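Asks: Pasting a structure here, questions to come.
The values are calculated or read from the model by the stated rules, or taken from the named source; none is laboratory data. Because the structure is a prediction, the values reported are computed rather than measured. Glycine gets a Cβ as well: all are built from the backbone with ideal geometry, and neighbour counts include every protein chain shown. For accessibility, only protein heavy atoms count, side chains too; no ligands or nucleic acids. Shrake-Rupley method; radii C 1.70, N 1.55, O 1.52, S 1.80 Å.
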Amino acid sequence: MPDLLDHPTTVRPGEELDPSKLEPFLRQHFPDVRGPLSIQQYPSGHSNLTYMIRLGTRELVLRRPPFGSKVKTAHDMGREFRVLSKLHVAYASAPNVFFYCEDESVLGVPFYLMEPIHGIILRRDPPPDMDFPSERARQLSESFVENLALLHSLDYTAAGLGDLGKPQGYVERQVRGWIERYHGSKTQDHPEVEKTSKWMLEHIPSTTGASLIHNDYKYDNVVLDPRDITRIAGVLDWEMCTIDDPLADLGTALAYWIDSADPEELQENRSGPTNHPGSLTRAEVAGYYAQKTGRDISQMPFYLTLARFKLAVIVQQIYYRFHRGLTRDERFASMPGRISTLLRAAWQTAQTGAI
(Lines give C-alpha, C1' and ligand atoms only; values in the text may rest on other atoms or scores of the structure.)
Protein backbone atom coordinates (compact mmCIF):
# COMPACT_ATOMS: atom_id res chain seq x y z
CA MET A 1 0.00 0.00 0.00
CA PRO A 2 1.52 3.40 -0.94
CA ASP A 3 2.54 5.78 1.84
CA LEU A 4 0.22 8.75 1.39
CA LEU A 5 0.66 10.25 4.85
CA ASP A 6 1.75 13.86 5.24
CA HIS A 7 5.43 13.90 6.25
CA PRO A 8 7.77 16.63 7.48
CA THR A 9 11.03 17.35 5.73
CA THR A 10 14.24 19.36 6.15
CA VAL A 11 13.89 22.74 7.85
CA ARG A 12 13.96 25.67 5.40
CA PRO A 13 17.06 27.93 5.60
CA GLY A 14 16.45 30.84 7.93
CA GLU A 15 13.66 29.04 9.82
CA GLU A 16 15.79 26.79 12.03
CA LEU A 17 15.06 26.22 15.71
CA ASP A 18 17.99 26.32 18.15
CA PRO A 19 18.26 22.75 19.53
CA SER A 20 20.65 23.83 22.29
CA LYS A 21 17.82 25.87 23.82
CA LEU A 22 14.84 23.75 22.82
CA GLU A 23 16.18 20.43 24.09
CA PRO A 24 16.61 21.45 27.78
CA PHE A 25 13.09 22.88 27.71
CA LEU A 26 11.66 19.64 26.32
CA ARG A 27 13.55 17.42 28.75
CA GLN A 28 12.27 19.53 31.63
CA HIS A 29 8.69 18.81 30.53
CA PHE A 30 9.31 15.18 29.52
CA PRO A 31 11.90 14.01 32.08
CA ASP A 32 11.26 10.31 31.50
CA VAL A 33 11.78 10.40 27.73
CA ARG A 34 15.14 9.10 26.52
CA GLY A 35 16.77 9.41 23.11
CA PRO A 36 18.07 12.14 20.81
CA LEU A 37 16.27 15.26 19.60
CA SER A 38 15.47 15.70 15.92
CA ILE A 39 13.70 18.62 14.23
CA GLN A 40 11.94 18.63 10.87
CA GLN A 41 9.51 21.09 9.29
CA TYR A 42 6.19 20.68 7.54
CA PRO A 43 6.86 22.38 4.20
CA SER A 44 3.42 23.78 3.44
CA GLY A 45 1.76 26.83 4.95
CA HIS A 46 2.74 30.47 4.62
CA SER A 47 1.89 31.88 8.03
CA ASN A 48 2.62 30.24 11.38
CA LEU A 49 5.37 27.65 11.09
CA THR A 50 4.91 24.00 12.02
CA TYR A 51 7.65 21.54 12.99
CA MET A 52 7.83 17.85 13.85
CA ILE A 53 9.85 17.41 17.03
CA ARG A 54 11.04 13.93 17.96
CA LEU A 55 12.53 13.37 21.39
CA GLY A 56 13.48 9.74 21.41
CA THR A 57 10.26 7.95 20.47
CA ARG A 58 8.06 10.87 21.56
CA GLU A 59 6.55 12.88 18.70
CA LEU A 60 5.42 16.48 19.18
CA VAL A 61 4.28 19.18 16.79
CA LEU A 62 5.59 22.68 17.50
CA ARG A 63 3.85 25.84 16.26
CA ARG A 64 5.54 29.23 16.25
CA PRO A 65 5.01 32.59 14.49
CA PRO A 66 6.70 33.23 11.13
CA PHE A 67 10.06 34.96 11.02
CA GLY A 68 9.90 38.67 10.23
CA SER A 69 6.16 39.18 10.65
CA LYS A 70 4.98 42.71 11.48
CA VAL A 71 1.40 41.61 12.22
CA LYS A 72 1.71 40.46 15.83
CA THR A 73 -2.03 40.03 16.45
CA ALA A 74 -2.26 37.51 13.60
CA HIS A 75 0.25 35.18 15.25
CA ASP A 76 -0.89 35.02 18.88
CA MET A 77 0.36 31.62 20.01
CA GLY A 78 -1.15 32.02 23.47
CA ARG A 79 -4.61 32.64 22.04
CA GLU A 80 -4.35 29.71 19.63
CA PHE A 81 -3.25 27.44 22.49
CA ARG A 82 -6.10 28.57 24.75
CA VAL A 83 -8.65 27.97 22.00
CA LEU A 84 -7.41 24.46 21.29
CA SER A 85 -7.08 23.51 24.95
CA LYS A 86 -10.86 23.99 25.27
CA LEU A 87 -12.02 23.16 21.76
CA HIS A 88 -10.53 19.66 21.54
CA VAL A 89 -12.92 18.41 24.22
CA ALA A 90 -16.00 19.57 22.28
CA TYR A 91 -14.70 19.04 18.75
CA ALA A 92 -12.45 15.99 18.43
CA SER A 93 -11.07 17.10 15.04
CA ALA A 94 -9.19 19.95 16.74
CA PRO A 95 -5.62 19.07 17.83
CA ASN A 96 -4.86 18.08 21.41
CA VAL A 97 -2.36 20.60 22.83
CA PHE A 98 0.22 19.94 25.57
CA PHE A 99 1.70 23.21 26.75
CA TYR A 100 2.46 26.79 25.81
CA CYS A 101 5.78 28.59 26.26
CA GLU A 102 5.86 32.38 26.45
CA ASP A 103 9.48 32.48 27.63
CA GLU A 104 11.20 34.04 24.61
CA SER A 105 14.63 32.98 25.87
CA VAL A 106 13.89 29.51 24.48
CA LEU A 107 13.12 30.24 20.80
CA GLY A 108 12.92 34.02 20.71
CA VAL A 109 9.10 33.90 20.32
CA PRO A 110 6.17 32.24 22.10
CA PHE A 111 5.26 28.75 20.87
CA TYR A 112 3.19 25.74 21.82
CA LEU A 113 3.38 21.97 21.44
CA MET A 114 0.60 19.62 20.44
CA GLU A 115 -0.07 15.99 19.60
CA PRO A 116 0.43 15.02 15.93
CA ILE A 117 -2.58 14.04 13.84
CA HIS A 118 -1.27 11.47 11.38
CA GLY A 119 -3.14 11.24 8.12
CA ILE A 120 -3.41 12.40 4.53
CA ILE A 121 -3.52 16.06 3.54
CA LEU A 122 -4.69 16.81 0.02
CA ARG A 123 -2.88 19.71 -1.52
CA ARG A 124 -3.11 20.90 -5.12
CA ASP A 125 -3.70 17.45 -6.63
CA PRO A 126 -4.28 13.97 -5.21
CA PRO A 127 -1.10 11.88 -4.94
CA PRO A 128 -0.57 9.79 -8.11
CA ASP A 129 -0.97 6.53 -6.14
CA MET A 130 -4.24 7.56 -4.47
CA ASP A 131 -7.46 5.85 -5.50
CA PHE A 132 -9.68 8.92 -5.92
CA PRO A 133 -12.63 8.12 -8.21
CA SER A 134 -15.40 10.65 -8.80
CA GLU A 135 -17.78 9.12 -6.27
CA ARG A 136 -15.12 9.37 -3.55
CA ALA A 137 -14.37 12.98 -4.52
CA ARG A 138 -18.06 13.79 -4.10
CA GLN A 139 -18.27 12.02 -0.74
CA LEU A 140 -15.23 13.94 0.48
CA SER A 141 -16.76 17.22 -0.72
CA GLU A 142 -19.88 16.44 1.30
CA SER A 143 -17.85 15.44 4.38
CA PHE A 144 -15.94 18.71 4.08
CA VAL A 145 -19.20 20.69 4.21
CA GLU A 146 -20.74 18.52 6.93
CA ASN A 147 -17.69 19.03 9.13
CA LEU A 148 -17.92 22.81 8.73
CA ALA A 149 -21.63 22.69 9.58
CA LEU A 150 -20.78 20.63 12.68
CA LEU A 151 -18.25 23.23 13.82
CA HIS A 152 -20.83 25.98 13.36
CA SER A 153 -23.37 24.03 15.44
CA LEU A 154 -21.15 23.77 18.54
CA ASP A 155 -22.26 25.39 21.79
CA TYR A 156 -19.19 27.62 22.11
CA THR A 157 -20.33 29.01 25.47
CA ALA A 158 -20.53 25.52 26.96
CA ALA A 159 -17.05 24.85 25.55
CA GLY A 160 -15.70 27.84 27.50
CA LEU A 161 -15.10 29.96 24.41
CA GLY A 162 -17.89 32.48 24.82
CA ASP A 163 -15.47 35.39 25.20
CA LEU A 164 -13.49 34.58 22.06
CA GLY A 165 -15.09 37.12 19.71
CA LYS A 166 -17.45 40.09 19.46
CA PRO A 167 -20.16 39.13 16.96
CA GLN A 168 -21.91 42.49 17.03
CA GLY A 169 -20.63 44.49 14.05
CA TYR A 170 -18.25 41.70 13.02
CA VAL A 171 -18.72 41.94 9.27
CA GLU A 172 -18.19 45.70 9.14
CA ARG A 173 -15.07 45.38 11.31
CA GLN A 174 -13.79 42.69 8.95
CA VAL A 175 -14.32 44.85 5.88
CA ARG A 176 -12.66 47.91 7.39
CA GLY A 177 -9.91 45.84 9.00
CA TRP A 178 -8.85 44.04 5.84
CA ILE A 179 -8.86 47.27 3.85
CA GLU A 180 -6.59 48.80 6.49
CA ARG A 181 -4.30 45.76 6.53
CA TYR A 182 -3.90 45.92 2.78
CA HIS A 183 -2.73 49.53 2.92
CA GLY A 184 -0.43 48.66 5.82
CA SER A 185 1.43 46.08 3.72
CA LYS A 186 1.03 47.58 0.25
CA THR A 187 3.92 47.12 -2.19
CA GLN A 188 2.30 48.14 -5.48
CA ASP A 189 -0.95 49.60 -6.86
CA HIS A 190 -3.95 47.43 -7.75
CA PRO A 191 -6.95 49.27 -9.29
CA GLU A 192 -9.42 46.70 -7.90
CA VAL A 193 -8.64 47.61 -4.27
CA GLU A 194 -10.47 50.92 -4.16
CA LYS A 195 -13.42 49.70 -6.26
CA THR A 196 -13.92 46.54 -4.21
CA SER A 197 -13.41 48.37 -0.91
CA LYS A 198 -16.10 50.90 -1.79
CA TRP A 199 -18.51 48.17 -2.93
CA MET A 200 -18.06 46.12 0.26
CA LEU A 201 -18.62 49.12 2.51
CA GLU A 202 -21.85 49.86 0.64
CA HIS A 203 -23.18 46.27 0.74
CA ILE A 204 -22.54 45.04 4.28
CA PRO A 205 -25.36 42.58 5.09
CA SER A 206 -27.07 41.92 8.38
CA THR A 207 -25.41 39.01 10.18
CA THR A 208 -27.17 35.65 10.34
CA GLY A 209 -26.11 34.78 13.87
CA ALA A 210 -22.88 33.83 15.59
CA SER A 211 -20.91 30.58 15.55
CA LEU A 212 -17.45 29.36 16.30
CA ILE A 213 -15.64 29.81 12.97
CA HIS A 214 -12.28 28.50 11.76
CA ASN A 215 -11.61 31.35 9.30
CA ASP A 216 -9.20 29.38 7.09
CA TYR A 217 -11.11 26.21 6.30
CA LYS A 218 -9.76 24.45 3.19
CA TYR A 219 -8.56 21.05 2.03
CA ASP A 220 -4.92 21.51 2.99
CA ASN A 221 -5.93 22.38 6.56
CA VAL A 222 -7.85 19.12 6.84
CA VAL A 223 -6.30 15.75 7.80
CA LEU A 224 -7.99 12.71 6.24
CA ASP A 225 -8.18 9.24 7.73
CA PRO A 226 -5.82 7.04 5.63
CA ARG A 227 -8.25 4.12 6.06
CA ASP A 228 -11.13 6.17 4.63
CA ILE A 229 -10.21 9.42 2.91
CA THR A 230 -13.81 10.59 3.00
CA ARG A 231 -13.55 10.83 6.81
CA ILE A 232 -11.99 13.95 8.34
CA ALA A 233 -9.64 13.02 11.19
CA GLY A 234 -8.38 16.50 12.04
CA VAL A 235 -8.55 20.19 11.25
CA LEU A 236 -5.37 22.28 11.55
CA ASP A 237 -4.32 25.96 11.71
CA TRP A 238 -6.70 27.57 14.19
CA GLU A 239 -4.84 30.88 14.43
CA MET A 240 -7.77 32.92 13.07
CA CYS A 241 -10.55 31.07 14.91
CA THR A 242 -13.16 33.33 16.49
CA ILE A 243 -16.89 33.65 17.18
CA ASP A 244 -18.71 35.46 14.43
CA ASP A 245 -20.87 35.15 11.33
CA PRO A 246 -20.75 31.54 10.04
CA LEU A 247 -21.36 32.71 6.47
CA ALA A 248 -18.02 34.51 6.59
CA ASP A 249 -16.43 31.12 7.31
CA LEU A 250 -18.31 29.53 4.42
CA GLY A 251 -17.22 32.44 2.22
CA THR A 252 -13.58 31.74 3.01
CA ALA A 253 -14.02 28.05 2.17
CA LEU A 254 -15.65 29.04 -1.13
CA ALA A 255 -12.81 31.44 -1.94
CA TYR A 256 -10.40 28.49 -1.79
CA TRP A 257 -12.76 26.22 -3.74
CA ILE A 258 -11.77 26.37 -7.42
CA ASP A 259 -14.23 24.85 -9.90
CA SER A 260 -13.15 22.97 -13.03
CA ALA A 261 -14.85 25.69 -15.12
CA ASP A 262 -12.95 28.57 -13.49
CA PRO A 263 -10.45 30.52 -15.64
CA GLU A 264 -6.84 29.43 -15.82
CA GLU A 265 -5.56 32.22 -13.58
CA LEU A 266 -7.78 30.95 -10.75
CA GLN A 267 -6.73 27.36 -11.47
CA GLU A 268 -3.14 28.45 -10.80
CA ASN A 269 -4.22 29.46 -7.29
CA ARG A 270 -5.84 26.12 -6.49
CA SER A 271 -4.60 24.61 -3.20
CA GLY A 272 -6.70 21.41 -3.25
CA PRO A 273 -8.33 19.02 -5.75
CA THR A 274 -11.65 20.87 -5.67
CA ASN A 275 -11.87 20.68 -9.47
CA HIS A 276 -11.51 16.88 -9.49
CA PRO A 277 -14.29 15.01 -11.34
CA GLY A 278 -17.14 14.33 -8.95
CA SER A 279 -16.39 17.22 -6.59
CA LEU A 280 -19.17 19.59 -5.66
CA THR A 281 -19.03 22.96 -7.39
CA ARG A 282 -18.80 26.18 -5.37
CA ALA A 283 -22.54 26.73 -5.80
CA GLU A 284 -23.23 23.14 -4.74
CA VAL A 285 -21.01 23.54 -1.66
CA ALA A 286 -23.02 26.61 -0.64
CA GLY A 287 -26.30 24.83 -1.37
CA TYR A 288 -25.32 21.71 0.58
CA TYR A 289 -24.28 23.87 3.53
CA ALA A 290 -27.68 25.60 3.43
CA GLN A 291 -29.37 22.21 3.34
CA LYS A 292 -27.42 20.98 6.37
CA THR A 293 -27.78 24.15 8.45
CA GLY A 294 -31.00 25.77 7.28
CA ARG A 295 -29.20 29.10 6.86
CA ASP A 296 -30.12 31.68 4.24
CA ILE A 297 -27.25 31.97 1.76
CA SER A 298 -28.76 34.66 -0.48
CA GLN A 299 -25.97 37.09 0.52
CA MET A 300 -23.13 34.67 -0.31
CA PRO A 301 -21.78 36.84 -3.19
CA PHE A 302 -20.90 39.50 -0.59
CA TYR A 303 -19.19 36.96 1.67
CA LEU A 304 -17.26 35.48 -1.28
CA THR A 305 -16.15 38.96 -2.36
CA LEU A 306 -14.95 39.71 1.17
CA ALA A 307 -13.20 36.35 1.43
CA ARG A 308 -11.34 36.75 -1.86
CA PHE A 309 -10.30 40.26 -0.85
CA LYS A 310 -9.19 38.94 2.54
CA LEU A 311 -7.10 36.17 0.95
CA ALA A 312 -5.46 38.73 -1.33
CA VAL A 313 -4.53 40.83 1.70
CA ILE A 314 -3.17 37.80 3.59
CA VAL A 315 -0.97 36.96 0.59
CA GLN A 316 0.04 40.64 0.40
CA GLN A 317 1.09 40.57 4.06
CA ILE A 318 3.15 37.45 3.45
CA TYR A 319 4.75 38.94 0.34
CA TYR A 320 5.53 42.12 2.26
CA ARG A 321 7.89 40.12 4.52
CA PHE A 322 9.69 38.74 1.46
CA HIS A 323 9.74 42.15 -0.26
CA ARG A 324 11.38 43.67 2.81
CA GLY A 325 13.94 40.86 3.07
CA LEU A 326 12.47 39.58 6.34
CA THR A 327 12.18 36.01 5.00
CA ARG A 328 14.15 34.12 2.36
CA ASP A 329 11.42 31.64 1.45
CA GLU A 330 11.53 31.66 -2.37
CA ARG A 331 7.93 30.42 -2.57
CA PHE A 332 6.93 34.03 -1.86
CA ALA A 333 8.63 35.55 -4.92
CA SER A 334 5.72 34.82 -7.26
CA MET A 335 3.00 36.09 -4.93
CA PRO A 336 2.26 39.42 -6.70
CA GLY A 337 0.58 37.49 -9.51
CA ARG A 338 -1.60 35.62 -7.02
CA ILE A 339 -2.55 38.88 -5.29
CA SER A 340 -3.66 40.38 -8.61
CA THR A 341 -5.72 37.29 -9.47
CA LEU A 342 -7.53 37.27 -6.14
CA LEU A 343 -8.30 41.00 -6.31
CA ARG A 344 -9.69 40.64 -9.83
CA ALA A 345 -11.80 37.67 -8.71
CA ALA A 346 -13.13 39.66 -5.74
CA TRP A 347 -14.17 42.55 -7.97
CA GLN A 348 -15.75 40.20 -10.51
CA THR A 349 -17.83 38.56 -7.79
CA ALA A 350 -18.96 41.99 -6.58
CA GLN A 351 -19.97 42.99 -10.12
CA THR A 352 -21.69 39.77 -11.18
CA GLY A 353 -23.14 38.48 -7.91
CA ALA A 354 -22.22 34.95 -8.99
CA ILE A 355 -20.85 32.30 -6.62
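Asks: Would you be so kind as to identify which of 105, 242, 40 lies farthest towards the positive end of the dipole of the chain, taking Lys and Arg as +1 and Asp and Glu as -1 on Cβ and the Cα centre as origin?
Replies: 105
Asks: Summarise the accessible area of the chain (1.4 Å probe, protein heavy atoms) by the percent that is carbon and sulfur.
Replies: Answer for the chain is 50 percent, counting heavy atoms of protein chains only.
Asks: What shape does the range 111-249 take by its C-alpha gyration tensor, where a ≥ b ≥ c are the square roots of the eigenvalues and a/c under 1.5 counts as rounded, a/b above b/c as prolate, and the rest as oblate?
Replies: Note, shape of the range 111-249 comes out prolate.
Asks: A further question follows. Stretch residue 187-residue 131 to full length: gain in nm at 0.36 nm per residue minus the Cα-Cα span?
Replies: 15.9 nm
Asks: Measure nothing but the geometry: give the 0 to 90° angle between the long axis through the Cα atoms of 19-29 and the longest principal axis through the Cα atoms of the chain, rounded to 10°.
Replies: Compared with the principal axis, the helix lies near 80 degrees.
Asks: Oh, and also: Under a point spin-label approximation (7 Å from Cα along Cα-to-Cβ), what is the residue 351-residue 57 distance to one decimal in nm?
Replies: 6.2
Asks: Let me ask something else. Hey, in the GNM for the chain with a 10 angstrom Cα cutoff, which one of 37, 49, 140 fluctuates hardest?
Replies: So, out of 37, 49, 140, the one fluctuating most is 37.
Asks: Same structure again: How large is the dipole of the chain about the Cα centre if only Lys and Arg carry +1 and Asp and Glu carry -1, each at its Cβ, rounded to the nearest 20 debye?
Replies: That gives a dipole near 660 debye.
Asks: Roughly speaking, what is the stretch gain from residue 198 to residue 168, that is 0.36 nm per residue apart minus the C-alpha to C-alpha distance, in nm to one decimal?
Replies: Length gained between residue 198 and residue 168: 8.7 nm.
Asks: Pop the C-beta distance of residue 16 and residue 157 into the FRET formula with R0 = 51 Å and round what comes out to the nearest 0.05.
Replies: It comes out at approximately 0.75.
Asks: What is the gain in length, in nm to one decimal, between residue 89 and residue 264 on full extension, counting 0.36 nm per residue of separation less the C-alpha to C-alpha distance?
Replies: 58.8 nm
Asks: Assuming a ≥ b ≥ c are the square roots of the Cα gyration tensor eigenvalues, decide whether the range 71-160 counts as rounded (a/c under 1.5), prolate (otherwise, with a/b larger than b/c) or oblate.
Replies: Here the range 71-160 falls in the oblate category.
Asks: Which of these values of Rg and Dmax of the Cα atoms in Å was calculated from the structure shown: (1) 19.7, 67; (2) 20.1, 61; (3) 19.2, 61?
Replies: Looking at Rg and Dmax of the Cα atoms in Å for this model, the match is (2).
Asks: How would you classify the range 235-320 from its alpha-carbon gyration tensor, with a ≥ b ≥ c the square roots of the eigenvalues: rounded for a/c under 1.5, else prolate if a/b is greater than b/c, otherwise oblate?
Replies: Because a/c hits 1.5 or more and a/b fails to exceed b/c, the range 235-320 counts as oblate.
Asks: Nearest 10 degrees is fine. How inclined is helix 282-293 to the longest principal axis of the chain, computing both from alpha carbons?
Replies: 80
Asks: State to the nearest 20 debye the size of the charge dipole of the range 185-326 about its Cα centre, where the only charges are +1 on K and R beta carbons and -1 on D and E beta carbons.
Replies: The calculation lands at about 180 debye.
Asks: Which of 314, 95, 210 sits closest to the plus end of the dipole of the chain, meaning its Cα is farthest towards the positive end, when Lys and Arg get +1 and Asp and Glu get -1 on the C-beta?
Replies: Most positive-ward Cα: 314.
Asks: Let me ask something else about it. In this model, which of 166/310; 218/292; 86/166; 186/310; 198/292; 218/310 are farther than 23 Å apart at the alpha-carbon?
Replies: Pairs exceeding 23 Å: 198/292.
Asks: Past the 17 angstrom mark, what percentage of all C-alpha to C-alpha distances in the range 1-66 do you count?
Replies: The proportion of pairs with Cα distances above 17 Å equals 44 percent.
Asks: Would you mind checking the tilt of helix 335-352 against the longest principal axis of the Cα atoms of the chain, expressed as 0 to 90 degrees and rounded to 10?
Replies: 30
Asks: If R0 is 25 Å, what FRET efficiency do you get for residue 3 and residue 27 from their C-beta distance, rounded to 0.05?
Replies: Calculated transfer efficiency: 0.20.
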